[in-house]
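**Q** Got a structure for you, questions after.
Throughout, read-outs are computed from the coordinates displayed, never taken from laboratory work. Values in this document were obtained by computation on a predicted structure and should not be read as measured data. Using ideal geometry, Cβ is built from the backbone for each residue, glycine included, and neighbour counts are taken over all protein chains shown.
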Amino acid sequence: MITPKKQYSDKFREQALAKVYKRGKRTIQDIADESNLSIHTLKTWMSNAAQTDTPKPNPAKRPQDWRPEERLQALHESHGLTDEALNAWCRQRGLFAHQLAQWKSDFCAVTRSRSDGDASQTLRALKVENQRLERELNRKDKALAEAAALLILQKKVRALLAGEVE
């Protein structure tokens, strides 16, 4: 006998999804068992919620689930807020002020490491160029010393020949 398909209200679906997104260290299976749902049903709802154009409110997301673009947007929105306003803003989005501070330091560290990488690459290129120029300078010094030695020898030969001729 085929069991009829259960119909769940939109409110029930939203509550189940909110539990999933705020689950902490619990698994989706735990939430499904707690809500008396099949894990496949719950995952289908999650998939459908992800595909809809209506964005889920940020409080339903765990801070570690935020994408870098969302983190940057959050930093931009919260920049310049005072303590009370910042805490209210964070409560609305399910965040803590220390998480924003960590995100900011993470972004700064990435930027610093990239600029450090560029600086070290530039430094390496300058060292190579400096070594090339030093080699060329040594070559020219040797050539100049050789030319000076030849000129001195030439003068000595002329002086000797001039002494014999007289």
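**Q** Show which lysines lie in cross-link reach of K22 when reach means a straight Cα distance below 28 angstrom and same-chain residues fewer than eight apart are skipped.
**A** Of all the lysines, those that pass the test against K22 - Cα under 28 Å, at least 8 places apart if same chain - are K5, K6, K11, K43, K56, K61, K104.
**Q** Enter the per residue convex hull volume of the range 8-56, computed from alpha-carbon coordinates, in Å³ rounded to the nearest integer. Let's see the in-between values first.
**A** On the way: hull volume 3.5 nm³, N = 49.
So the per-residue hull volume is 70 Å³.
**Q** Can you work out the FRET efficiency for the pair A148 and V128, with r the C-beta to C-beta distance and R0 = 25 Å, to the nearest 0.05?
**A** Working: r = 31 Å, r/R0 = 1.23.
Plugging the Cβ-Cβ distance into 1/(1 + (r/R0)^6) gives 0.20.
**Q** A follow-up question, please. Rg and Dmax of the chain over Cα atoms: what are they, in angstrom?
**A** 37.6, 136
**Q** Also: Measuring from label point to label point, each 7 Å out along Cα→Cβ, what is the R23 to V157 span in nm?
**A** In this crude spin-label approximation the distance works out to 9.5 nm.
**Q** Grab the Cα-Cα distance for R135 and R91, subtract it from 0.36 nm times how many residues apart they are, and report the gain in nm with one decimal. Write out the running numbers ahead of the final one.
**A** On the way: separation 44, 0.36 × 44 = 15.84 nm, distance 6.45 nm.
Residue separation times 0.36 nm, minus the Cα-Cα distance, leaves 9.4 nm.
**Q** Give me L95, L151 ranked fewest to most by other Cβ atoms within 10 Å of their Cβ, as a rough exposure proxy.
**A** Values: L95 23, L151 10.
Listing L95, L151 from fewest to most nearby Cβ atoms yields L151, L95.
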